[in-house]
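Trainee: One structure coming up, written as structure tokens, with questions to follow.
The values are calculated or read from the model by the stated rules, or taken from the named source; none is laboratory data. All of these numbers come straight from a predicted model, not from anything done at the bench. Virtual Cβ from ideal backbone geometry, glycine too; neighbours counted across all protein chains shown. In case anyone asks, the SASA skips ligands and DNA or RNA and just uses the protein heavy atoms, side chains included. Shrake-Rupley method; radii C 1.70, N 1.55, O 1.52, S 1.80 Å.
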Amino acid sequence: MEEGQRLKVLVSAYTCSPYQGSEHAVGWGYIHSLARYHDLWVIAEEEKCRADVERYLDENPWELDNVHFYFIRKQRNRRLRKFWPPSYYWYYRRWHQQAFLLAARLHDEVGFDLAHQLTMVGFREPGYLWQLPVPFVWGPVGGMGLFPWRFLPVVGVHGAFYYLGYNLYNLLQMRLATRPRQAAQKAGSKGLLLATPENREGALRYWGINGTVLAEVGLPGKVAEKTPERQKGEPLRIVWTGLHIPRKALNLGLNALARLDRDVSWELHVLGEGPLSAKWKGLADDLGISNRCRFHGWLPREQALSVMAQGHLLLITSLRDLTSTVTIEALAQGLPIVCLDHCGFAAVVDEHCGIKVPVTSPGKVVNDLADAIASLDRDEPRRLRLASGALERAREYDWYGKGKMIDEAYRAKVRDLVES
């Protein structure tokens, strides 16, 4: 392979959209950055992706002329999924089987140099591209972690049973599922990309593959030019954002805020909504802090970023997650982060941009969160240093830099084939 040679790469990106967040943004971010280095043939899901992709290409006809998109509609049974959520994977696997049939036909026509299983990020469904007779890259891969056992009582009766089952199911799948292990072995250490250190440890423990850590999320926009300043006498504006579901555990944050001394001046701005919205509002009222908490609900992206831009720190209380785009968005706005020291946050947040609280016990975590928030309220110079560090940290998650890392994995896999 000649230096700088463009490869013909087949990519499975079930979720891929320039206008949606979460997994869709992951797929689009990597595809957009990888197109700088290689020619891509991308297979995506039709219902969720096609209209967005075609709209973007119509509006930007000069971009991505070396990327060829193919769409397959996933069969759905939403009524069945309400009663049996795991049924989702039946239809999801069928989509991957259809994608493999299309991939095999395309390979006969194009002759790919490499295949990449990109999204979705979860390890449970690796697709089938690893069965093609070409080098294979998989990732970023996530989901190989457990909900902290000691925190099951924190998420209510329903949440406790759900995440108890989640942990047992995850343990069984990580140990016994054959296709993820086969896909990981085909990718090998040079081609297996893990979303967090936790997932890297899981891949090594259960699959015997020591892959490379590469966060699934990237910088979604520009980095702010300066950090948000806090005026004298102004309350510390704390931002929390996410779905209002058990694993996001805003109740930990509310209890921590209720324990702050009276001399700590603060406001909490809660973005998002969900099944627990009413319960968490009630908890804030019971704790006597509702007058300091503003629940904004879901806001358009620009309005949500405006709320963040006026904040002084981001509070993350999630007990089970990967990294989440909001982490990078907050850093790019110059917000220091107070979070739990696990999941993807453990790798992204460091001593230069935030404070990480060890995942010990619910009571100690609440106390430690309160201490971290109080320390930033009382030490504005330190908060400003962390804010400046947040801007620097955000720049490290530029999509093109992440694309370059995958480009290096591609070339390493193809060199191995040539040299073998």
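Trainee: How many times 2.2 N^0.38 Å is the alpha carbon radius of gyration of region 1-78?
Mentor: That works out to 1.14 for region 1-78.
Trainee: Next question. Tally up the carbon and sulfur contribution to the accessible surface of the chain as a whole percent, 1.4 Å probe, everything protein left in place.
Mentor: C and S fraction of accessible area: 51 percent.
Trainee: How big is D for region 147-294, in µm² s⁻¹ as a whole number, if Stokes-Einstein is applied with the Kirkwood radius of its Cα pairs at 4 °C and 1.567 mPa s?
Mentor: Using the Kirkwood radius from Cα pairs, D works out to 68 µm²/s.
Trainee: Can you work out ³J(HN,Hα) from phi for every residue in region 220-229, in order, using Karplus 6.51 cos²θ - 1.76 cosθ + 1.60 and θ = phi - 60°, giving whole Hz and x for Gly and Pro?
Mentor: Taking θ as phi minus 60°, the curve returns x, x, 8, 7, 4, 6, 9, 7, x, 9 Hz for region 220-229.
Trainee: How much FRET efficiency would the formula 1/(1 + (r/R0)^6) give for ASN60 and LEU243, where r is the Cβ-Cβ distance and R0 is 41 Å, rounded to 0.05?
Mentor: Using R0 = 41 Å, I get an efficiency of 0.85.
Trainee: Which shape class, rounded, prolate or oblate, goes with region 302-352 when its Cα gyration tensor gives a ≥ b ≥ c as root eigenvalues, a/c under 1.5 marks rounded, and past that a/b bigger than b/c marks prolate?
Mentor: Verdict is prolate for region 302-352.
Trainee: Same structure again: If you project the alpha carbons of region 209-262 onto the principal axes, what extent comes out on each, in Å, largest first?
Mentor: 51, 35, 21
Trainee: Per-residue HN-Hα couplings for region 195-201, Karplus 6.51 cos²θ - 1.76 cosθ + 1.60 at θ = phi - 60°, whole Hz, x for Gly and Pro?
Mentor: 5, 9, x, 4, 6, 4, 4
Trainee: Could you work out the Rg to Rh ratio of region 45-140, with Rh taken as the Kirkwood radius (inverse of the mean 1/r over all Cα pairs)?
Mentor: 1.00
Trainee: Long-range amide H contacts for VAL213: which residues qualify at under 5 Å (H placed 1.01 Å from N, peptide plane, sequence gap of 5 or more or a different chain)?
Mentor: Long-range HN contacts for VAL213: LEU194.
Trainee: Another one. On alpha carbon coordinates alone, what is the Rg over Rh value for region 146-212, Rh being the Kirkwood radius?
Mentor: 1.08
Trainee: Within region 32-126, list the GluC sites (Glu not before Pro) lying in a DSSP loop whose Cβ has at most 14 other Cβ atoms in a 10 Å radius.
Mentor: GLU63
Trainee: Counting only C-alpha contacts under 8 Å and six or more residues apart, can you give the relative contact order of region 75-219 as a whole percent?
Mentor: Once divided by the residue count of region 75-219, the mean separation gives 21 percent.
Trainee: Do any chymotrypsin sites (Phe, Trp or Tyr not before Pro) in region 4-103 lie in a loop, going by DSSP, with at most 11 other beta-carbon atoms within 10 Å of their beta carbon, and if so which?
Mentor: TRP62
Trainee: Oh, and also: Based on the alpha-carbon gyration tensor of the chain, what equivalent-ellipsoid semi-axes (square roots of 5 times the eigenvalues) come out, in whole Å, largest first?
Mentor: After scaling each eigenvalue by five and taking roots: 38, 24, 20 Å.
Trainee: Now for a separate question. Long-range amide H contacts for GLY122: which residues qualify at under 5 Å (H placed 1.01 Å from N, peptide plane, sequence gap of 5 or more or a different chain)?
Mentor: GLY142
Trainee: How would you classify region 97-158 from its alpha-carbon gyration tensor, with a ≥ b ≥ c the square roots of the eigenvalues: rounded for a/c under 1.5, else prolate if a/b is greater than b/c, otherwise oblate?
Mentor: It comes out prolate by the Cα gyration axes.
Trainee: Right, here's the next one. What is the angle, in °, between the Cα long axis of helix 277-286 and the longest principal axis of the Cα atoms in the chain? Nearest 10 is fine, range 0 to 90.
Mentor: That works out to roughly 20 degrees.
Trainee: Separate question: As an exercise, identify the GluC sites (Glu not before Pro) in region 1-36 lying in DSSP coil whose Cβ has no more than 12 other Cβ atoms within 10 Å.
Mentor: GLU2, GLU3
Trainee: Tell me the angle of helix 22-34 to the major Cα principal axis of the chain, expressed in degrees between 0 and 90 and rounded to the nearest ten.
Mentor: Helix 22-34 sits at roughly 50 degrees to that axis.
Trainee: Further question: Got a sec? Charge dipole of region 138-243, +1 on Cβ for Lys and Arg, -1 for Asp and Glu; which of TRP149, THR227, GLY159 is way out at the positive end?
Mentor: Result: TRP149, furthest along the dipole toward the positive end.
Trainee: Here are some pairs, LYS226/LYS279; LYS8/LYS222; LYS222/LYS364; LYS279/LYS364; LYS190/LYS222; LYS226/LYS364; which of them have Cα atoms lying more than 26 Å apart in this structure?
Mentor: In this structure, LYS226/LYS279; LYS8/LYS222; LYS222/LYS364; LYS190/LYS222; LYS226/LYS364 lie more than 26 Å apart at Cα.
Trainee: Separate question: Using only the Cα atoms, work out Rg/Rh for region 40-79, with Rh taken as the Kirkwood radius, to two decimals.
Mentor: Reported Rg/Rh, Kirkwood definition of Rh: 1.08.
Trainee: Provide the three semi-axes, in whole Å and in decreasing order, of the ellipsoid equivalent to region 77-194 as defined by the square roots of 5 times the Cα gyration tensor eigenvalues.
Mentor: Its equivalent ellipsoid spans semi-axes of 32, 18, 10 Å.
Trainee: Please get the size of the charge dipole for the chain, origin at its Cα centre, with Cβ charges of +1 on Lys and Arg and -1 on Asp and Glu, quoted in debye to the nearest 20.
Mentor: Rounded to the nearest 20 debye, it is 1440 debye.
Trainee: For q values of 0.15, 0.21 Å⁻¹, compute log₁₀ I(q)/I(0) with the Debye formula on a Cα-only model of region 287-403, without solvent.
Mentor: -0.71, -1.33
Trainee: Something else now. Pairs of alpha-carbon atoms within less than 8 angstrom and 6+ residues apart define the contacts here; what relative contact order does the chain have, in percent?
Mentor: Normalised by residue count, the contact order of the chain is 16 percent.
Trainee: Considering every Cα-Cα pair within region 245-315, what fraction, in whole percent, is farther apart than 16 Å?
Mentor: 49 percent
Trainee: Tell me, what is the per residue accessible area of the chain in Å², probe radius 1.4 Å?
Mentor: Heavy-atom accessible area per residue stands at 45 Å².
Trainee: Does region 338-378 come out rounded, prolate or oblate by the C-alpha gyration tensor, with a ≥ b ≥ c the root eigenvalues, rounded set by a/c under 1.5 and, if not, prolate when a/b is larger than b/c and oblate if not?
Mentor: oblate
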